[in-house]
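A.B. asks: One structure, as C-alpha cells, below. Some questions next.
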Amino acid sequence: MDKQHIDELAGIVGPENLSTETLELEVYSRDPTVVRGQAEAVVWPRTAEQVSKILVFANRTKIPVYPRGAGSSLCGGPVPLRPGIVLSLERMNRILEIDVDNLQFLAEAGVSIREINDALKPLNLFIPPDPASEVACTIGGCVANNAGGIHAVKYGTFRDWVLGVEVVLPTGEIISTGTKTRKSVSGYDLTGLITGSEGTLAVITKVRARVIAVPETSRVTTAFFKTPEDAGRAAFKIMVAGLNPSAIELLDETLMQTISQYLTMKFPPAGAMLIIEFDGSRGEVKDRMDRAEEICKGEGVIEVRVSATDQESQMLWSARKSAFQSLAVLGKTSIQIEDVTVPISKIPEMLRRIHEIASRHGILVPTFGHVGDGNFHPHVLYDEENREEYETAMKATEEIFKTAIELGGTISGEHGVGVLKREFFSLEHDTKETAVMRRIKRLFDPNNILNPHKIFPEE
Amino acid sequence: MSFTPTFNKELTYDLNKCFRCSFCRSQCPIYRSKMNETWNARGRMMAVQLLREGRVPLDEKVLERIYTCALCKSCEEICPGLVKVTDIVRDLRRQLVEAKRGPLPEHLKLYENITETKNVLALKSRPRELQEAIDKLPQTADTVLFMGCVAQYVYPRHLTTLFKILEKTETDFAVLKDEVCCGSYLAELGLAKEAEEVLAKTAKILREQDVKRIVTLCPMCYNTFRNDLPRLKVTPKIEVQHSTQLLEEALTSGVIKTSRPVKMRLTYKDPCHLGRYAEVYDAPRNILRMIEGVELIELERTREFSRCCGGTIRVPYSELRNDLCRSFFDDVPKSKVEGVVTSCPTCFHNLYSTAPYEIKGVFDIHEILGYAMGMIERIEDLTGFLE
C-alpha cells in the first residue's frame with residue numbers, strides 16, 4: 001500500500017481510527033496461534049457505512065481486508081496472511097437494543113459475550129452459548145465462527161440463536177438478513193450461510209439474537225470412573241436417556257492430575273471424570289440428577305459427588321474451569337488446542353485413540369471434551385523453542401484429525417478451519433462439495449479480497 | 001540503537017506462557033480507554049516479545065505502552081496462563097534504566113524530589129495541623145505509623161484522624177519525624193537502585209529504633225515494607241500491617257467502638273495494591289459493616305475485579321488517570337450508591353478529583369470511622385448524611 005492508499009483510508013475512518021505503526025501492525029497480525037501475518041494498515045471503523053467504503057476501496061485496489069473481533073481465534077482466522085488491511089470491529093461496541101418482549105437483542109459486532117450477558121443479567125435473561133473466551137470474544141466473531149462452548153450440548157451453538165445479521169458484502173453493499181421472528185422460511189437462509197463463514201463472505205456489523213430466561217437452578221454432579229471408556233459410555237447413556245444435561249464434560253487422567261496439583265483438590269484415583277450439569281426447575285433437576293447417578297453406577301462409577309447448593313456447584317465447576325490453567329503445571333510453553341468432534345457413540349474410542357497417539361509419539365496430550373456432543377479438546381503440548389518437539393506435536397495433531405474423520409466426525413466442532421486446518425480440509429470435504437463452497441465464495445467476493453486464503457486448501 | 005530485553009529463567013517462562021488468548025481485554029483498564037490491542041496486557045507482552053525478536057524498534061510508541069501499564073494486576077486475575085504481567089513490565093522498566101533508555105525525564109524528577117524534600121511531591125513542609133499532631137507523639141515506639149507522601153502532604157486529615165483512633169486503641173506508636181518516601185514510585189518506574197537507596201534510609205532508622213511493627217495507611221507503602229524491606233536485609237523481621245487490618249482487629253475485639261451512625265449507602269473501592277497485591281479485601285469492609293447505618297453496596301466489579309483508578313500512571317500520561325476514574329464511576333449505580341469509600345490516599349485523590357455530580361462524596365475510611373467514633377465532627381461532603 002502506498003501513501004495515497006493510506007490517505008484514502010484515513011479519509012474514510014479518520015486518522016484516529018487508522019494505524020500504520022510497526023507495533024500495531026505486528027500485534028494485529030496475530031491471534032493465539034503460531035500463524036503470523038503482515039498487516040499494512042489497521043482500521044477501526046465506527047459504522048457499517050465506513051466498513052462499506054473500506055470494502056469498495058479494497059475492491060478497486062485489490063488490497064485484501066481481514067476482519068477481526070477480539071482476535072481470540074484458535075485457527076488463525078483473523079490473521080492477514082497477505083499484505084493488507086486489518087479491519088478491527090472493536091470500536092463498534094454498542095448494545096443497540098434489548099427487546100425484552102420479544103426475547104432478543106441487537107448489538108454491534110464488537111460487543112463481547114460477557115458484556116451482553118452482563119446487560120441481560122438484571123432482566124434475568126442470558127444468551128446461552130458460552131465459548132471459553134466469552135469474557136473477551138465478540139458477538140460478531142462468535143457468529144462468524146459459529147462458536148459453541150460447554151453448554152452447546154443443550155443449547156446449541158450461535159447458529160441456533162442468531163435471528164439476523166447486518167453485513168457488508170465484499171463489494172460494499174450493506175444488507176440485513178433474517179427477521180425478528182424465530183421462524184422464517186422465506187428465501188434462502190443467508191443468516192445461516194454467513195454464520196460460520198469465518199469472515200470470508202461478508203463483514204458482520206450487527207447481530208440480532210435470541211435470549212432466554214436464566215434457569216431457576218443449575219446443579220452439578222461429578223462422577224469418577226476407572227477408565228475413560230466407562231466415562232464415555234455413561235455420558236452416551238445419559239444422552240440417550242433424554243436427561244438433557246446442560247453440560248457434560250469429560251476430563252482425562254492427566255488433567256485430573258494437573259488440576260488436583262493446581263487447586264490442591266483431592267480426587268479419587270480414577271481414569272477419567274465426568275462433570276455433568278443440569279439446569280431447569282428445582283424438582284426436575286433433582287430428578288434428572290438422580291437418574292444420571294443411577295446410570296453412572298451401572299457403568300462402574302468409583303465415586304459420585306453431587307452439589308446441593310450453587311456454591312457447591314461452582315466448586316465442582318472450578319475443577320473444569322481451571323483445567324486449562326492447570327496445564328501450566330506441566331511446564332510447556334505452547335499448546336495447540338484442537339476441537340475434533342465425533343458422533344457420540346464414538347466418544348470412548350476417540351479418547352482411547354488420542355491417548356494412543358500421544359503415547360506413541362511420547363508427547364503430552366491432556367484432553368477434555370464436551371462429550372455430550374462428541375466435541376474433544378486435545379491439548380497438544382510442546383516447547384515453542386524446541387523445533388523437534390514442535391514437529392512431533394504437529395504430526396500427532398494430523399493423526400488426531402485423521403482419526404476423527406475415520407470415526408465419522410469433523411476436524412473442527414467449534415473453532416473453525418481458518419489457516420491451521422486448511423490442509424486437512426479435504427479429509428472431510430470432497431472436491432465436488434468444495435467446488436460448491438468455492439463458487440459461493442466467488443459469488444460473494446468476486447475479487448477475493450475478503451479474508452482470502454482461509455478455510456479452503458490452496459488451489 | 002537497539003534494545004533487546006532479556007529476562008531470568010522464571011520471567012522468560014512467564015513471557016512465553018502468554019499465548020495471546022485475549023482474555024485480558026476484559027480487564028485491562030488502559031485497553032478499555034484506548035480500544036486498541038497494543039495498550040492491552042496482551043499487546044504489551046507481544047511488544048516485549050517483538051523487542052526480543054528485533055521486529056519492533058524501541059521507539060516512543062513502544063515506550064508509551066511500557067510506561068502506561070498501570071501495574072494494577074487486573075489482567076493477572078483472569079489470565080489462564082497465570083502470566084506475571086506486572087513483574088515482566090517492572091523488570092522491563094528496570095532494564096530500560098540499565099540500558100539508559102529509561103525512565104522518562106519526568107520520572108527522574110520524582111527521584112530528585114525525594115532527595116531534595118524526602119517526598120515525591122516536592123513539598124517543603126507538612127501542613128500545620130499535621131505537624132502539630134506529630135509534635136505531640138512520642139519520639140520512638142515499637143510501632144511506627146508510616147505516613148506516606150500523599151496523606152502527609154495533601155490529605156493530612158486522614159492521618160490526624162488515624163492518630164486519634166490509634167490513641168483510642170491504646171497502641172503506643174510513633175512516626176518518623178523525618179520520614180522519607182518509601183520509594184515505591186521509583187521501583188515501579190524501574191529505578192530499582194534509587195528505590196533501594198531511598199528505602200535503605202528508612203530501614204536504617206527502623207533498625208536504630210528497634211521498631212517491631214510498621215503500620216501504613218498507603219497500600220503502596222504497605223507492599224514496599226512487606227516485600228522490599230526484607231530483601232534489603234537491614235532490619236530483623238518487622239511485622240507490617242495496613243491500618244485497616246489493625247483497626248478491624250481493634251473493632252472486633254471491642255478495644256474501640258463506634259457510637260455515631262452514618263446513614264449512607266456506601267460502596268468500597270478496593271485499591272489495587274491492597275486488594276490484588278495483598279489480598280486484603282475483608283478488613284476494610286468489616287470496618288464499614290461495624291458502623292451503624294452504613295449500607296455497604298458491592299459493585300458488580302468488586303474485590304479482585306475492582307477497577308483501577310490509574311494511581312501508578314505518572315506524567316506525562318496522567319491524563320489517562322481521568323479516563324480510568326471515569327470508567328470506575330461508570331460502573332457505580334448512582335441510584336443505589338451515595339458515596340465511595342477507599343483506604344488508599346492515591347485512590348482517594350484520583351476519585352475525589354473526578355467524582356461525578358451524582359456521587360455525594362468520596363471518603364477515606366479512617367475519616368468515616370473517626371466520625372462514627374465521635375472523634376471528628378465533620379467530614380467534607382458528608383453534610384446532611386450524618387446523624
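Nothing in this text is a laboratory measurement; each read-out follows from the coordinates by a stated rule. Please read these numbers as outputs of a predicted model, since none were measured by experiment. No Cβ is skipped: glycine too gets one built from the backbone with ideal geometry, and neighbour counts run over all protein chains shown.
A.B. asks: I need the peptides A:133-142, B:229-238, B:170-179 ranked by packing, meaning the mean over residues of other C-beta atoms within 10 angstrom, with the highest value on top.
C.D. replies: Descending mean neighbour count gives A:133-142, B:170-179, B:229-238.
A.B. asks: Note the full-extension length gain between A:V240 and A:R352 as 0.36 nm times their separation in residues minus their Cα-Cα distance, in nm to one decimal. Write down the numbers at each step before the final one.
C.D. replies: Values: separation 112, 0.36 × 112 = 40.32 nm, distance 2.13 nm.
So the chain would gain 38.2 nm between A:V240 and A:R352.
A.B. asks: With each pseudo-label sitting 7 Å past Cα toward Cβ, what's the B:E208-A:M265 distance in nm, one decimal?
C.D. replies: 5.4 nm
A.B. asks: Given Cα pairs under 8 Å that are at least 6 residues apart, what percent is the relative contact order of chain B? Could you put the intermediate results ahead of the total?
C.D. replies: Details: 655 pairs, mean separation 59.7, N = 387.
Reported as a whole number, the value is 15 percent.
A.B. asks: Using only Cα atoms, what is the ratio of the radius of gyration of chain B to 2.2 N^0.38 Å? Walk me through the numbers before you get to the answer.
C.D. replies: Details: Rg = 20.9 Å, N = 387, 2.2 N^0.38 = 21.2 Å.
So the Cα radius of gyration is 0.99 times the expected 2.2 N^0.38 Å.
A.B. asks: Could I ask something else about it? What fraction of the Cα pairs in the range B:254-372, stated in percent, has a spacing above 27 angstrom?
C.D. replies: Details: 943 of 7021 pairs.
Counting every Cα pair in the range B:254-372, those more than 27 Å apart make up 13 percent.
A.B. asks: How far is helix B:319-330 tilted, in degrees, relative to the longest principal axis of the Cα atoms in chain B, given as a value from 0 to 90 rounded to the nearest 10?
C.D. replies: Tilt relative to chain B: about 60 degrees.
A.B. asks: Principal axes first, then extents: for the Cα atoms of the range B:9-98, list largest minus smallest coordinate on each axis, whole Å, largest first.
C.D. replies: Cα extents, longest axis first: 31, 29, 21 Å.
A.B. asks: Can you tell me the length gained on complete extension of the stretch A:F425 to A:E284, counting 0.36 nm per residue apart and subtracting the Cα distance?
C.D. replies: Residue separation times 0.36 nm, minus the Cα-Cα distance, leaves 46.5 nm.
A.B. asks: Let me ask something else about it. Quick one: grab Rg to one decimal and Dmax as a whole number for chain A, Cα atoms only, in Å.
C.D. replies: 22.5, 71
A.B. asks: Moving on to the next point. With θ taken as phi - 60° and the coefficients 6.51, -1.76 and 1.60, list the Karplus ³J(HN,Hα) couplings across the range B:76-82 in order, rounded to whole Hz; mark glycine and proline as x.
C.D. replies: Going residue by residue, I get 5, 5, 10, 5, x, x, 6 Hz, with x marking Gly and Pro.
A.B. asks: More than 15 angstrom separation, counting every C-alpha pair in the range B:126-188; what % is that? Let's see the in-between values first.
C.D. replies: Values: 979 of 1953 pairs.
Of the Cα pairs, 50 percent sit more than 15 Å apart.
A.B. asks: Could you compute the FRET efficiency for A:V34 and B:T12, with r as their C-beta to C-beta distance and R0 at 25 Å, rounded to 0.05? Provide the component values of the computation, followed by the final result.
C.D. replies: Numbers: r = 18 Å, r/R0 = 0.73.
The calculated FRET efficiency here is 0.85.
A.B. asks: Enumerate the amide H contacts of A:Y28 below 5 Å, restricted to partners 5 or more residues apart or on another chain; note that Pro and chain-start residues carry no placed amide H.
C.D. replies: none
A.B. asks: Could you tell me the ratio Rg/Rh of the range A:47-113? Both radii from Cα atoms, Rh via Kirkwood.
C.D. replies: Reported Rg/Rh, Kirkwood definition of Rh: 1.07.
A.B. asks: Okay, next question. Please compute one quarter of the surface area of the Cα convex hull for the range A:331-406 and express it in square nanometres.
C.D. replies: Spelled out: convex hull of the Cα atoms, projected over all directions, averaged, 4.5 nm².
A.B. asks: On average, how much area does the Cα convex hull of the protein assembly as shown cover when viewed from any direction, in nm²?
C.D. replies: 37.4 nm²
A.B. asks: If the elastic network links every pair of Cα atoms under 10 Å, which of B:L217, B:L320, B:L121 fluctuates the most in the Gaussian network model of chain B?
C.D. replies: Between B:L217, B:L320, B:L121, it is B:L121 that shows the largest mean-square fluctuation.
A.B. asks: For an R0 of 25 angstrom, estimate the FRET efficiency from the Cβ-Cβ distance between A:R291 and A:K226 and round to the nearest 0.05.
C.D. replies: With a Förster radius of 25 Å, E is 0.70.
A.B. asks: If you don't mind, another one. Just add up the charged neighbours of B:A41: K/R +1, D/E -1, any other residue whose Cβ is under 9 Å from the Cβ of B:A41.
C.D. replies: Values: positive: B:R25, B:R42, B:R44; negative: B:E76.
Counting the neighbours of B:A41, the net charge comes to +2.
A.B. asks: Turning to a different aspect of this structure: Can you tell me the length gained on complete extension of the stretch A:R439 to A:E8, counting 0.36 nm per residue apart and subtracting the Cα distance?
C.D. replies: Stretched fully, the A:R439-A:E8 segment lengthens by 152.0 nm.
A.B. asks: Could you tally the net charge around B:I238, taking each other residue with its Cβ under 15 Å from the Cβ of B:I238, Lys/Arg +1 and Asp/Glu -1?
C.D. replies: Net of charged neighbours comes to +3.
A.B. asks: May I pose another question? Treating the angle as unsigned and between 0 and 90°, give the value, to the nearest 10°, between the Cα long axis of helix B:192-208 and the longest Cα principal axis of chain B.
C.D. replies: For B:192-208 against chain B, the angle is about 30 degrees.
A.B. asks: Excluding A:W161 itself, calculate the net charge of residues whose Cβ lies under 11 Å from the Cβ of A:W161, where each Lys or Arg counts +1 and each Asp or Glu counts -1.
C.D. replies: Charge balance in the 11 Å sphere: +3.
A.B. asks: Could you sort out which of B:K118/B:K233; A:K395/B:K9; B:K201/B:K237; B:K168/B:K204; A:K226/A:K266 sit more than 20 Å apart by Cα distance in this structure?
C.D. replies: Listed pairs above 20 Å: B:K118/B:K233; A:K395/B:K9; B:K168/B:K204.
A.B. asks: Could you work out which residue, out of B:G54, B:G370, B:G311, moves most in a Gaussian network model of chain B, that is, has the largest mean-square fluctuation with Cα springs under 10 Å?
C.D. replies: Checking each option, the largest mean-square fluctuation is seen for B:G54.
A.B. asks: Show the residues, 5+ positions off or on another chain, whose built amide H is closer than 5 Å to the amide H of B:Y268.
C.D. replies: B:I297, B:L299, B:V341
A.B. asks: Rg over Rh of the range B:106-248, using C-alpha atoms and the Kirkwood radius, what does it come to? Let's see the in-between values first.
C.D. replies: Values: Rg = 14.2 Å, Rh = 15.2 Å.
That ratio equals 0.94.
A.B. asks: Please report the spacing between the Cα centers of the range A:50-123 and the range B:215-285 in Å, no decimals.
C.D. replies: Between the Cα centre of the range A:50-123 and that of the range B:215-285, the gap is 44 Å.
A.B. asks: Here's a follow-up. So what is the orientation-averaged projected area of the range A:217-325, using the convex hull of its C-alpha atoms, in nm²?
C.D. replies: Mean orientational projected area (the range A:217-325, Cα hull): 6.0 nm².
A.B. asks: In addition: Hey, with R₀ at 41 Å, roughly what FRET efficiency would A:E16 and A:A308 work out to, going by the Cβ-Cβ distance, to 0.05?
C.D. replies: Efficiency for this residue pair is about 0.15.
A.B. asks: Right, another one. Could you work out how far helix A:347-361 tilts from the main Cα principal axis of chain A, as a 0 to 90 degree angle to the nearest 10?
C.D. replies: Taking the Cα atoms of chain A, the angle to A:347-361 is about 80 degrees.
A.B. asks: Just to be sure I understand the model, the point goes 7 Å from the Cα along the line to the Cβ. What's the resulting A:K432 to B:D330 distance in nm?
C.D. replies: Label-label distance for A:K432 and B:D330, simple model: 5.4 nm.
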